[in-house]
1. Can you spot the lysines whose alpha carbon is less than 18 Å from Lys201's alpha carbon? Ignore those fewer than 8 places along the same chain.
2. Using a 1.4 Å probe over the heavy atoms of the protein chains, calculate the carbon and sulfur portion of the accessible area of segment 326-411 as a whole percent.
3. Could you order Cys20, Cys374 so the one with the most accessible surface comes first? Probe is 1.4 Å.
4. Under the definition of Cα pairs under 8 Å and six or more residues apart, what whole-number percent is the relative contact order of the chain?
5. Based on alpha-carbon centroids, what's the gap between segment 353-367 and segment 150-209 in Å, whole number please?
6. Taking the chain as a Gaussian network, Cα atoms linked when under 10 Å apart, which of Arg124, Arg261, Arg136 shows the biggest mean-square fluctuation?
7. In segment 203-288, what percent of the accessible surface is made up of carbon and sulfur (1.4 Å probe, ligands and nucleic acids excluded)?
8. For the pair Gln193/Ala381, report the inter-label distance in nm, with labels modelled 7 Å from Cα in the Cβ direction.
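The values are calculated or read from the model by the stated rules, or taken from the named source; none is laboratory data. The structure presented is a predicted model; accordingly, all values stated were derived computationally and were not measured. Positions of Cβ are backbone-derived with ideal geometry, glycine not excepted, and every protein chain shown enters the neighbour counts. Ligands, DNA and RNA are stripped out before the accessible areas are found, and what is left, the full protein with its side chains, is counted by its heavy atoms. Shrake-Rupley method; radii C 1.70, N 1.55, O 1.52, S 1.80 Å.
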Amino acid sequence: MTISVNTMRAIDHWVGVPLCAIVSPVVALVDGIKNIFSRGPQTPKRLLFIELSEMGSAILVDPAMRNAQARGAELYFLIFKSNRASLTLLNTVKPENIFTIDSSSLGGLIKDTLRFLVLARKHRIDTVIDLELFSRFTALLTGMCGARRRVGYHIFHGEGLWRGFMLTRKVHYNPHIHITKNFLSLIHAAFAQKIEIPFSKIEIPDSEVRLEQAIINPNALEKVRERIERLAREARISYTPGKDRLILINPNASDLLPQRRWAQQRFSELIQAIHQQYPNDLILITGSPAEFVYVDKVRSVANVKNALNFAGQVNFAELPPLYTLSDVMVTNDSGPGHFSAVTPLRTVILFGPETPALYGSVGNSIAITANLACSPCVSAANHRKTPCHDNVCMQAITVAQVLEKVVVQLKASDQAKGRSAG
């Protein structure tokens, strides 16, 4: 049985805080001994990134990873086993340099944590960058892995979310700039030749926030195309690739923040509206195998012949081919909005508890948000946990608003593909 998000938060607080208090003096003592024999500042050579729980962040951190790579560092990554696939979309980190922790059970969590602490020393990791926003668990991993240079976000004079003194280079987390720039500020701190309080006193231009595009295997592309055509034939849908558009609807969001979900009924109404305006286009409602029933409810309520339940029809590695074949995707604020950014796919992403100013896709994306006074209600300061049980911020987004942006993105896709508008 998988450990629930709330259980992990509780463990992080009730176990993490005391452990940080106990471990911090030990880490400080070890650092003091090492400094006696220090040869001065060293450039990071074997650099480990820690980002456990957010698959989308594995994409958003890619500009920072490539920046470190360009400076000569060999990259390593630690992530939850269930999220490992997100690192394969761009393959910036060698597969053999990816460490995982199994979060499906407490026993697996403890066993893999201890194994990682051994592996980090075996690989002689000299620099760790903790990408998590004030997680005590990752702070402990950072402080105890044996690296001389440890970089991450520090609370300084803020209140709450204390996580000890595990860092040698403390970075100010800026809640007013996009997370990709915050990640890049960690790279500056890791490679800086002098200590700043706080890091990082640099300007990060928009030009540095650029994602590489995924390399699409032609065979994988053809397999996905054939699968779509076969399903269309079985449903007796007239669909001609290249002529008819392919529109993706992703109605679900992870359990990490269920308040991000736009209502199933709204997605069904959107499908009806899209079909009415573009009756020849094929609509695929996407999701994981576990989301098949959720997706099928959206499909059945819409009752549109050209809309197919596509949940579980592609594996994670086949997402880039699917996105490359498609014209537009509408999705809640969730992983697919970030995964699609490594392809030319145009997206419309619905935001509520989060804000696109900090977590918007860096792909060909249009964000929609109701801009309520209470939104965003999750942040680094509250462990991304909101008291809200009535997501008016998502309910306020109308089908007409979303359809308007879908039309804009379809026109842009038609122009990019040299196709006459239908």
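1. Within the straight-line limit of under 18 Å, Lys201 reaches these lysines: Lys170, Lys181.
2. Working: 1820 of 3120 Å².
Answer for segment 326-411: carbon and sulfur cover 58 percent of the accessible area.
3. Details: Cys20 0, Cys374 90 Å².
If we order Cys20, Cys374 from most to least accessible, we get Cys374, Cys20.
4. On the way: 732 pairs, mean separation 59.3, N = 422.
Taking the mean separation of contacting Cα pairs over the length of the chain, I get 14 percent.
5. When both Cα centres are located, 21 Å separates them.
6. The residue with the greatest mean-square fluctuation here is Arg124.
7. Result for segment 203-288: 44 percent of the exposed heavy-atom area is carbon or sulfur.
8. So the two model labels end up 3.8 nm from each other.
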